[in-house]
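Everything below concerns the one structure shown next.
The values are calculated or read from the model by the stated rules, or taken from the named source; none is laboratory data. Predicted, not measured: the structure shown is a model, and the values here were computed from it. Virtual Cβ from ideal backbone geometry, glycine too; neighbours counted across all protein chains shown.
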Amino acid sequence: MPATNLAVVAFLSTWATLVVSKPAEIGKTKGDYTVCETDVCHQRAKLINESIDECVDPCEDFYSYACGGWIKRHNISESKSWTGTFNLLRDELRETLKSILENMTLVYECQNITDKAAVAYNACMAVPGLGDQPDVMRAIMNMSGLTHWPITNDTEEMFENRTEVLNKTTIFTVLSINVDRDVKNLNSNVIGLDQIEFNTVGRNELIHPEN
């Protein structure tokens, strides 16, 4: 989705948030209208003010008037094809979770789901400092049915071994691959590589892991 469309969605979403707020609970009556005084309302009002480009005549170009400020303040980096408020919120959430998991006291007995998440996160972060562990890799390959892999020699069997791994596990075990339209050049397609995504675990699975 183009960044311009996302900017419109962001503006309308924040505007709708203010409109549906309950004035009797969070506002102060001033004359014939109610003004929201909560921190959330102040933040949304600030966002709307920053999104508006007052240099543009709304009667001539309402879109640029309503979203021009937001577009000017949020450039799309070369590594991204688009951006929006949801991306910014996701990045903020990721940093918050990272800070929480890194500062938790690790518990290895009688763990709850939060303790397990912290242990898993710190175990993953410790991998780069552990060095290569070929024995562990061989054990995993053996458990996967690839008992004679790897064979380290200079023959073409090395290529056959890699082919066998892909045939048995598929590349999608390691990476996700897709072909899609190039958002920066709509006349061409690109091959996209990304990290794999794990299935989302639902509430029932967490409460009743035995099922």
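Observations on the model:
- For T152, the criteria (1) exposed (fewer than 10 other Cβ atoms within 10 Å of the Cβ); (2) at pLDDT 75 or above hold in every case but one, which is (2).
- If you filter segment 101-124 down to residues that are touching a residue at least 12 places away in the same chain (Cβ under 8 Å) and among the hydrophobic types (A, V, I, L, M, F, W, C), you find that the one that is nearest to W70 (Cα to Cα) is L101.
- Residue satisfying all of: in segment 83-123; assigned to a helix (DSSP H, G or I) and among the small types (G, A, S); surrounded by the most Cβ atoms within 10 Å (Cβ to Cβ) among these: A118
- Only residues that are at pLDDT 75 or above and over 22 Å from the mean Cα position of the chain (by Cα) were counted across segment 159-204, and they come to 6.
- Segment 69-82, residues that are surrounded by 15 or more Cβ atoms within 10 Å (Cβ to Cβ) and either without any contact (Cβ under 8 Å) to a residue 24 or more places away in the chain or part of a helix (DSSP H, G or I) (or both): G69, W70, I71
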